[in-house]
Ligand code: GLA
């Protein structure tokens, strides 16, 4: 916090009343590609994320600076210049949020410094994180009194309509509503949710990054969504369902023949993954980590064989983890096509896990993965207390 305060003064100069905000990244334990199919997900918010230091200014300008993209300098604009602009790169995320939330009539502007410690593009929701940190910041600075649930929905809308990525609600929800020490069981159809204590006994969550670069905007993600929508429309002629997650295994077996072979595979993943997520949540509540780990493995296999979103890097990293004796469970996490895996590993085996899994991956792929032992932190929030300012 001290460092960021110092940086802020260097960039924007001395002045009064600045506040600091934080929004985490997220890791999904199980329930992948189920959110936009009206199913269950089980993510948790991380202790790493995005910080924003901000204060209002009197000249009405919006000035945005990211320590992660310092070469871009200060990106500044008036309130009339908030339309998406490719040249603004990372700054489009906060711009979209500002356009959605900043009251039109106020004279004031804002000067914001961002700093994120989630690896970008690794599938740990760096974009939902910058959206939500901007949302809580605007909510506080302009005293909007908007509830977190609403901020979550607005952030997803910005991602869909302003950024142009057709994502579901999971990332923004986990980043906004997460709770330290807990996983979040969310029904993406009703948005009902439950916090499940994440008691992993003598184990920890280890995130492994394939370090393969990929963009969520990848056409493959939107293509999966489109296939699911097509399959749903076909099935709705025969069964009364709102989303693919309403389909039972029996109904799937009965009507699979009306679908193309690709649609069959995609739907089989959605139906089975939704079932696994409910079972995994139950296993977690029972303290049955062994079953949880087995479900993680089945989830990966289904994402590999039926949903086809893994690829060589993720498969290699997960298979290496499955071979390690300290591993309780391992699977890809997030959208896939690169990004990270999530692993539950016995604490006393973590050093050898990192070494051996890292070596196996590097030998096969040609470059090293990165590892993070995850801590489960809170959702988006203000870090400086109400009324208090950072000088
Ligand atoms: C990305 C999207 C989410 C979700 C996952 C896959 O993270 O942003 O909405 O669809 O992929 O589970």
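The values are calculated or read from the model by the stated rules, or taken from the named source; none is laboratory data. What you see is a predicted model; the values in this text were computed from it and never measured. Cβ: placed from backbone, ideal geometry, glycine included. Neighbour counts: every protein chain shown.
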- Say whether the condition of being modelled with pLDDT under 95 and loosely packed, with under 15 Cβ neighbours inside 10 Å is met by at least one residue in the range 252-270. no
- Message: For the range 32-41, which positions are within 7 Å of the ligand (Cβ to nearest atom) and assigned to a loop (DSSP other than H, G, I, E, B)?
- Response: 32, 33, 34
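Just checking: which of the strands (runs of 3 or more DSSP E) contained wholly in the range 309-391 hold 2 or more residues that are farther than 18 Å from residue 47 by Cβ and touching a residue at least 12 places away in the same chain (Cβ under 8 Å)? Even if it seems obvious, please write down each step before you answer.
On the way: elements: 327-333, 340-346, 370-373.
Filter on the range 309-391 gives 327-333, 340-346.
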- Hey, any hits in the range 104-117 for a residue that's under 18 Å from the mean Cα position of the chain (by Cα), under 19 Å from residue 43 (Cβ atoms) and crowded, with 17+ Cβ neighbours inside 10 Å? yes
- Hey, can you tell me all the residues within the range 205-234 that are over 17 Å from residue 169 (Cα atoms), in contact with a helix residue (DSSP H, G or I) (Cβ under 6 Å, 6 or more places away or on another chain) and either part of a helix (DSSP H, G or I) or more than 16 Å from the ligand (Cβ to nearest atom) (or both)? 208, 227, 231, 232, 234
- Residue satisfying condition, being surrounded by 24 or more Cβ atoms within 10 Å (Cβ to Cβ), away from the ligand (no atom under 16 Å from the Cβ), assigned to a strand (DSSP E or B) and at pLDDT 95 or above, within set 52, 23: 52
- Task: Evaluate the range 291-308: report whether one residue or more is farther than 27 Å from residue 364 by Cβ, out of contact with any strand residue (DSSP E or B) (no Cβ under 7 Å at 6 or more places or on another chain) and in a helix (DSSP H, G or I).
- Result: yes
- Within the range 329-352, can you find the residues that are in contact with a helix residue (DSSP H, G or I) (Cβ under 9 Å, 6 or more places away or on another chain) and surrounded by fewer than 20 Cβ atoms within 10 Å (Cβ to Cβ)? 346
- Please work out which one of (1) outside any strand (DSSP E or B); (2) surrounded by fewer than 21 Cβ atoms within 10 Å (Cβ to Cβ); (3) touching a residue at least 60 places away in the same chain (Cβ under 8 Å) is the condition residue 60 fails and give its number. (3)
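For the range 81-198, please list each of the strands (runs of 3 or more DSSP E) lying entirely inside it that holds at least 2 residues being within 14 Å of the ligand (Cβ to nearest atom), in contact with a strand residue (DSSP E or B) (Cβ under 8 Å, 6 or more places away or on another chain) and within 18 Å of residue 29 (Cα to Cα).
182-187
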- Item | residue 68 being in a helix (DSSP H, G or I), more than 16 Å from the ligand (Cβ to nearest atom), in contact with a helix residue (DSSP H, G or I) (Cβ under 8 Å, 6 or more places away or on another chain) and closer than 28 Å to residue 229 by Cβ | no
